[in-house]
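No value in this document is a laboratory result; all are computed from the given coordinates. As the structure is a prediction and not an experimental result, all values here were calculated from the model. FYI the Cβ positions are ideal-geometry reconstructions off the backbone, even for glycines, and counts take in every protein chain you see.
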Amino acid sequence: MSTTRILVIGGAGYVGSHFTLCASNAGLRVTVMDNLSKGHRGALRGAEFFQGDLLEFEPLQAHLSRNRYHGIFHFAANCLVGESVSDPAQYYLNNVIAAFNMLEAMRYTNHDRVIFSSSCAVYGIPETLPLKEDHPKNPVSPYGRTKLAVEWMLEDYCTAYGIRSASLRYFNAAGCEPDDGLGEDHRPETHLIPNVVRYALKLQDDLVIFGNDYPTPDGTCIRDYIHVTDLAEAHLKALEKLDSLPLLRLNLGTGRGFSNLDVVKAVGNACGVSLKPEIGPRRPGDPPELVADSGEAFRVLDWRPTRSDLKSICSEVLRWFSEHPEGYAE
Ligand code: UDP
């Protein structure tokens, strides 16, 4: 039997690099394409690599005509809610136009399976919780709108051209694989868990919690933290499932929410200190609470998160930043 070949676009980024590790450990032959605008060479694991950009259509199409992939995994996107509010153009270009190029290159080269990193940001402010896939889609940030736009493209490309796809709506990706030297390294870092950990380790001077006047028990936002390796495993299962189901849209979360202050406390416990964040104004585009009903993914993919316990996530991230205070070397 020949080895399954896959292309991972954005495989040097945070979720993409953890997926690449997981896929190569599962015996797949992985090629990573990344433009290295945000990703790190030091995060590449177990894969062939070439530097490429989805906004450059000709080389992409040439690559896909020379190589045959069983599945294409799309992780390459801008993913900051706040930044998308202040600079939406970047998001429409890098998330929507780039994904369109990928789909066109797939269409011309007869590649017909794609797994897309979508987001719970497609729902907007929840009307009911936990969020199910059929909840109305009213994204409140340009980031969420770009993810929804690509989901619609995927639906239309499935109907018209037979391109099979899974849109996996991540809740909050968290955790890392310190044993393999993989962590979360965004520059600048805007995500809660790495920021709290960096503050606890005195790698940054301030920690600001954005708003404590939300309609939640402690007034801070609530999120559903899902381990990146749990996400990665769901991606592998989604690829298999496309054989029988051509269009999937699934929530990937745990069903359990933690407030921003719960996260501060969990990191404090992991490092044995009491952390005192500042309280700042709300961050634009932040819904008060995002918690998944992932029952559909559990059922369809026969998948369960096994690594998403907040305490162990905090310990892993703490370990990675202790070992890599400056992040990846390259
Ligand atoms: N957050 C915060 N301080 C930070 C970073 C994030 O209070 O330094 C809050 C943010 O406003 C949101 C939650 O933490 O309520 C999760 O934000 P993150 O950026 O980690 O993920 P998002 O939910 O935007 O995908």
Inset, instruction - In Å³ and rounded to a whole number, note down the convex hull volume per residue for the Cα atoms of segment 28-103. - result: 102
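What's the extension gain from residue 304 to residue 208 if we count 0.36 nm per residue and subtract their Cα-Cα distance?
Contour length minus the Cα-Cα distance gives 31.3 nm.
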Inset, instruction - Rank these for me by crowding, 259, 274, going from fewest to most other beta carbons within 10 Å. - result: 274, 259
Inset, instruction - For helix 310-323, report the angle its Cα long axis makes with the longest principal axis of the Cα atoms of the chain; keep it between 0 and 90° and round to the nearest 10°. - result: 90
Legend entry - Span from the segment 38-82 Cα centroid across to the segment 205-229 one, whole angstrom: 32
Legend entry - For segment 57-136, alpha-carbon Rg and Dmax in angstrom: 15.6, 47
Inset, instruction - Read phi for every residue in segment 248-264 and hand back ³J(HN,Hα) as whole Hz from Karplus 6.51 cos²θ - 1.76 cosθ + 1.60, θ = phi - 60°, with x for Gly and Pro. - result: 10, 9, 9, 7, 10, x, 9, x, 10, x, 10, 6, 4, 6, 4, 5, 4
Inset, instruction - Could you calculate, for the chain, the ratio of the Cα radius of gyration to the Kirkwood radius, expressed as Rg to Rh? - result: 0.95
Legend entry - For residue 209, residues with placed amide H under 5 Å, excluding near neighbours: 278, 279, 280
Inset, instruction - May I ask for the angle, rounded to the nearest 10°, between helix 142-161 and the longest principal axis of the chain, with both axes built from Cα atoms and the value confined to 0 to 90°? - result: 20
Legend entry - For the chain: lysine pairs under 29 Å (alpha-carbon distance), excluding those fewer than 8 apart on one chain: 22
Inset, instruction - Treat the count of other C-beta atoms within 10 Å as a stand-in for reagent exposure and order 85, 197, 208 from fewest to most. - result: 208, 85, 197
Inset, instruction - Starting from 0 in steps of 10 Å, tell me what percent of the Cα-Cα pairs of segment 143-251 lands in each bin. - result: 12, 30, 31, 20, 7, 0
Inset, instruction - Assign unit charges at the C-beta atoms only (+1 for Lys and Arg, -1 for Asp and Glu), then state the dipole size of segment 184-258 relative to its Cα centre in Debye, rounded to the nearest 20. - result: 140
Inset, instruction - Enumerate the amide H contacts of residue 289 below 5 Å, restricted to partners 5 or more residues apart or on another chain; note that Pro and chain-start residues carry no placed amide H. - result: 222
Legend entry - Using θ = phi - 60° and Karplus 6.51 cos²θ - 1.76 cosθ + 1.60, couplings along segment 83-92 (whole Hz; Gly, Pro as x): 4, 5, 6, 7, 9, x, 4, 4, 6, 5
Legend entry - Equivalent-ellipsoid semi-axes of segment 188-330, from the Cα gyration tensor, Å, largest first: 30, 19, 13
Inset, instruction - Going by C-beta contacts inside 10 Å, put 37, 17 in order with the fewest on the left. - result: 37, 17
Inset, instruction - Mind listing the long-range amide H neighbours of residue 252? Cut-off is under 5 Å, sequence gap 5 or more, other chains count too, H placed in the peptide plane at 1.01 Å from N. - result: 169, 170, 171
